[in-house]
Amino acid sequence: MAAITVIHGIGQQLRGEYTLRDRLLAALRDGAGLAGGDVAPEDVAFAAYGELFRPPAEVLAPEVRHDARDLTEKDEQELLLLWWRRAAEVDPKVVSPDDEVLARPPVWVVRALAALSRSAFLARVTESMFVGALKQTSAYLREPEVRAYAQAALAAKITDDTRVVVAHSLGSVVAYEALCAHPEWPVRTLVTLGSPLGIPNLIFERLRPEPGRWPGSIANWTNVADPADVVATVPDLRPLFGERITQISVHNGAHAHDLRPYLSERLTGAAILAGLA
């Protein structure tokens, strides 16, 4: 049975367990190899919950297209503004919201999406994909059935042999809450990548069962963040969750939030290998 379980983040509604394995396993093994070890393919399981956000199929139905008009919830708009401000801080190509005269939504939302489209964060990501990903984060925090579905997808991949959970983006929120809810799990190491857990008000204060609790049976927690990763708006989680966290800053190049460069980083690999020792 697998000793490592990987759970994905936002924007994976078209990828299931086997697609994720094909896409991510090599990067994980690269990171482990750079750290002086290796991970056998059979030691890794992938938890997938993205299909929850995939629109139901219909005969000849067009693909759902999102735009600024779909960001109607207050928390979605607040998260967008937060990510816009963070992108402007780390990317000189992005105009700051402080330099704009913000009108009522959806006018300023259009401006925010236009500004973010110039950032490295949204390289090769369409507006529709980004809006959809933002709405996934909001849905997880607002809708109990979404929360339950995602956590159940992770729980289904936890066995008596699981020692390490690797969680990316929104998946780190799923993993954190699930680990808090299941202190009986045998998982001893948590590795979070590009995590939004520290975002004030919109995420941190809405964590369950309570913000800041140490997650379940975890003995070692490593948090890895690229300073240019807009989703990891608060890259250092130690002030919120405790100094026991090993905090690592990395540089993922043009695609700061992509899971693959996070996994192929030597220090990520070292954290995973240490959890298997």
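The values are calculated or read from the model by the stated rules, or taken from the named source; none is laboratory data. This is a predicted model, so every value here is computed, not measured. Reconstructed Cβ throughout: ideal geometry from the backbone, glycine too, with neighbour counts over all protein chains shown. We work out accessible area using only protein heavy atoms, side chains counted, and drop any ligands, DNA or RNA first. Shrake-Rupley method; radii C 1.70, N 1.55, O 1.52, S 1.80 Å.
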Can you give me the three principal axis dimensions of the range 142-277 from its C-alpha atoms, in Å, biggest first? 37, 36, 26
Apply the Karplus curve 6.51 cos²θ - 1.76 cosθ + 1.60, θ = phi - 60°, to the phi angles in the range 166-182 and return the couplings in whole Hz, x for Gly and Pro. 10, 10, 10, 6, 4, x, 5, 5, 4, 5, 4, 5, 5, 5, 5, 7, 10
Can you work out the Karplus-derived ³J(HN,Hα) for every residue in the range 8-14? Use 6.51 cos²θ - 1.76 cosθ + 1.60 with θ = phi - 60°, whole Hz, and x for glycine or proline. 7, x, 5, x, 10, 5, 9
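Order of 7-16, 226-235, 141-150 by packing, highest average Cβ count within 10 Å first?
Numbers: 7-16: 20.9, 226-235: 22.7, 141-150: 15.0.
For the peptides 7-16, 226-235, 141-150, the packing ranking is 226-235, 7-16, 141-150.
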Report the calculated FRET efficiency for Asn220 and Ala254 (r = Cβ-Cβ distance, R0 = 35 Å), to the nearest 0.05. 0.70
From the Cα centre of the range 199-277 to that of the range 5-48, the distance in Å is 17
Skipping prolines and chain starts, which residues have an amide H placed within reach, meaning under 5 Å, of the one on Ala45, given they are 5 or more residues away or on another chain? Ile4, Thr5, Val6
Across the range 247-261, in residue order, what do the Karplus-derived ³J(HN,Hα) couplings come to in whole Hz, using 6.51 cos²θ - 1.76 cosθ + 1.60 with θ = phi - 60° and x for Gly and Pro? 9, 10, 9, 10, 10, 9, x, 5, 10, 4, 9, 5, 5, 5, x
What's the ranking of 197-207, 183-193, 239-249 by average number of surrounding C-beta atoms within 10 Å, highest first? 183-193, 197-207, 239-249
Over the heavy atoms of Asp22, what accessible area does a 1.4 Å probe trace out, to the nearest 10 Å²? 130
Residues with amide H under 5 Å of Thr246's amide H, sequence separation 5 or more or different chain, H placed in the peptide plane at 1.01 Å from N; which? Trp221, Thr222, Asn223
Which stretch or stretches of the range 160-201 have amide N atoms under 18 Å from the point lying 7 Å from Thr246's Cα along the Cα→Cβ direction? 163-168, 187-195
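What FRET efficiency comes out for Thr159 versus Glu78 if R0 is 25 angstrom and r is the Cβ-Cβ distance? Round to the nearest 0.05. All intermediate terms of the calculation are to be shown ahead of the outcome.
Working: r = 38 Å, r/R0 = 1.53.
So the FRET efficiency works out to roughly 0.05.
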